[in-house]
Amino acid sequence: MIKMTDDMRELVNKALADNMACLVSTIGEDGYPNVGPKGSVLVYDDETLAYWERSHRSALAAVRKNPKTMVYYRNPGAQGRVPPGGAWRFYGRAEVHEQGAIREKVKSMVVKAELEKDPDNKGIAVLIHVDKIADLASRIIQSR
């Protein structure tokens, strides 16, 4: 069972403010992984992460073709609140929402600093339905 803890919720939601933006890993069309920072990653609900895709580059194309993804959160300064090594790995399946209620809900949850980088409101909401959460040593913390 996946259930985001209070620490996960708080730390992921303020990752950008802490200068610890989450990294999102996707699988490219060539089968190789790609990773990039997403300052908008947030906890959407107890089982789901989300982010605001405003760049419309390789990450979006990748999750459209292969929804398997991983979000990496690391903050060594949060020792005691995160596993040894200061990191969580959230593995899941992405779901793209270009319009509608889910897009609007995610947008309303995104930090202001990220929305300001999307003045034309062209962003897309991406949900990540989390299947497992692991620590830095790949030990499973939670799984479906």
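The values are calculated or read from the model by the stated rules, or taken from the named source; none is laboratory data. This structure is a prediction, so every number in the text was calculated from the model and none was measured. Cβ: placed from backbone, ideal geometry, glycine included. Neighbour counts: every protein chain shown.
When only residues in the stretch 60-75 that are of a type outside the set (K, R) and over 12 Å from the mean Cα position of the chain (by Cα) count, which is farthest from D18 (Cα to Cα)?
This residue is N66.
Could you grab me the full set of residues in the stretch 38-62 that are out of contact with any helix residue (DSSP H, G or I) (no Cβ under 9 Å at 6 or more places or on another chain), modelled with pLDDT of 95 or more and not acidic (D, E)?
T48
What pairs come up if the first residue lies in the stretch 12-26 and is without any contact (Cβ under 8 Å) to a residue 60 or more places away in the chain, the second is of a type outside the set (G, A, S) and part of a loop (DSSP other than H, G, I, E, B), and their beta carbons are under 6 Å apart, counting only those six or more places apart or on different chains?
Close Cβ pairs satisfying both conditions: M20/N75; C22/V41.
What residue, of R93, R54, R103, is within 23 Å of K14 (Cβ to Cβ) and in contact (Cβ under 8 Å) with a residue 24 or more places away in the chain?
R54
Would you check which residues across the stretch 27-51 are over 18 Å from V130 (Cα atoms), touching a residue at least 24 places away in the same chain (Cβ under 8 Å) and surrounded by 13 or more Cβ atoms within 10 Å (Cβ to Cβ) and list them?
G28, N34, G39
Can you tell me how many residues within the stretch 79-90 are aliphatic (A, V, I, L, M) and either in contact with a helix residue (DSSP H, G or I) (Cβ under 6 Å, 6 or more places away or on another chain) or modelled with pLDDT of 95 or more (or both)?
Matching residues across the stretch 79-90 total 1.
In the stretch 113-144, which residues are without any contact (Cβ under 8 Å) to a residue 40 or more places away in the chain and either closer than 19 Å to A101 by Cα or surrounded by 11 or more Cβ atoms within 10 Å (Cβ to Cβ) (or both)?
Listed by number, the residues that qualify are D120, N121, I140.
Given G36, G123, G86, G80, which one is farther than 26 Å from M1 by Cα, among the small types (G, A, S) and more than 14 Å from the chain's Cα centre (by Cα)?
G123
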